[in-house]
Every structure is written in structure tokens, then in C-alpha cells.
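Throughout, read-outs are computed from the coordinates displayed, never taken from laboratory work. The structure presented is a predicted model; accordingly, all values stated were derived computationally and were not measured. Neighbour counts run over all protein chains shown; Cβ positions are idealised from the backbone, glycine included.
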Amino acid sequence: MFNLLNAIKTRLSLKILLALTIGVAIVMGVIIYLSLSSQQELIRERMTTFGSELSSLTYAGIKHPMSVGDSPSVEKQFLGVKEVLEGAEIVICDFNQRIVFATHEERINSEVSNVVHNEEAMAALQNLLKTGKASQKQYFE
């Protein structure tokens, strides 16, 4: 170990190599950090867009059956969503936060808090159910 330190202290080429290595490592670290930050924001934007489109399409698909009280058709719509979008889970709850319709049948008649484990999201849901207006757009992970 001491031989390596002595070699670095006495040889100019090793000093330059060490300085360049440290400089490149710092620059690469900054580039990686900035790339990850921008990718994270891009992913959030895309997930928000996906969520908005999914909710709009879900609403459009169940609007008529729900308006005429056709619950079996709504249930079929949700099962269709489950088959097409395997990773997506959609639930509709009543004002008591009890799940009425869901893409996964085992979720029906359970509490929303069994599905959503984010306190901020639950607070936003309570506010939505109380006021009828969604709060400003926010991310829930």
C-alpha cells in the first residue's frame, strides 16, 4: 500500500491519471444523477397521463350502464379491463369508502384502505368524497 502511495507522490503521470479518474467519476456521477432525475419526472408524467386516460375510458365505459342501474354490465366492464390490462386495478367506492365495483372480485365489499396504503392518497380521497372536488394534481406512490 505504501509503495502505491509513494509511486503516486513521486510520478507525475500517476498524479495526472488519478486526477483524471476522479474528474471523470465526478462528471459521470453528475450525469447519472441528472438522467435519473429527468427520467423519474418523465415516468411520473406518463403515469399521470395513463391514469387520466384510464379513468376517462373507465368512466365512458360505465357511464350508461350505471345511469340505468345495470350493475351486471358494469361488473362485466371491469372484468374486461382486468383481462386487457393485467397490471391495472380499478375500484369504485361509495361515500363510506366501501368498494362497490372492482377489477378484482375479491376487493368488492372491502374497505378502500385495504387497497390503498398511502395516507396522503386516503386523505385526498376523503377530501374528494366530502367536497366533490379533486384536490390539485398530485402524485401518490
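Observations
- Selected from Ile32, Ile108, Ile92 as most flexible by GNM, with the chain as the system and alpha-carbon contacts under 10 Å: Ile32
- Debye-sum result for the chain in log10 I(q)/I(0), which assumes one identical scatterer on each alpha carbon, at q = 0.18 Å⁻¹: -1.15
- Where GluC sites (Glu not before Pro) fall in DSSP loop in the range 20-96, at most 12 other Cβ within 10 Å: Glu86
- When you filter the chymotrypsin sites (Phe, Trp or Tyr not before Pro) in the range 91-141 for DSSP loop state and at most 10 other Cβ atoms inside 10 Å of their Cβ, you are left with Phe95.
- Leading residue at positive end of dipole, the range 1-100 (Cβ point charges), from Ala60, Ala19, Ser38: Ala19
- When the convex hull of its Cα atoms is projected in every direction, mean area for the range 70-136 (nm²): 5.2
- In a DSSP loop and with at most 15 other Cβ atoms within 10 Å, the trypsin sites (Lys or Arg not before Pro) in the range 1-110 are Arg11.
- Lysines whose Cα lies under 17 Å from that of Lys76, excluding same-chain neighbours fewer than 8 positions away: Lys63
- When the convex hull of its Cα atoms is projected in every direction, mean area for the range 1-68 (nm²): 7.2
- Spatial offset of the range 1-42 relative to the range 98-135 amounts to 49 Å, using the alpha carbon center of each.
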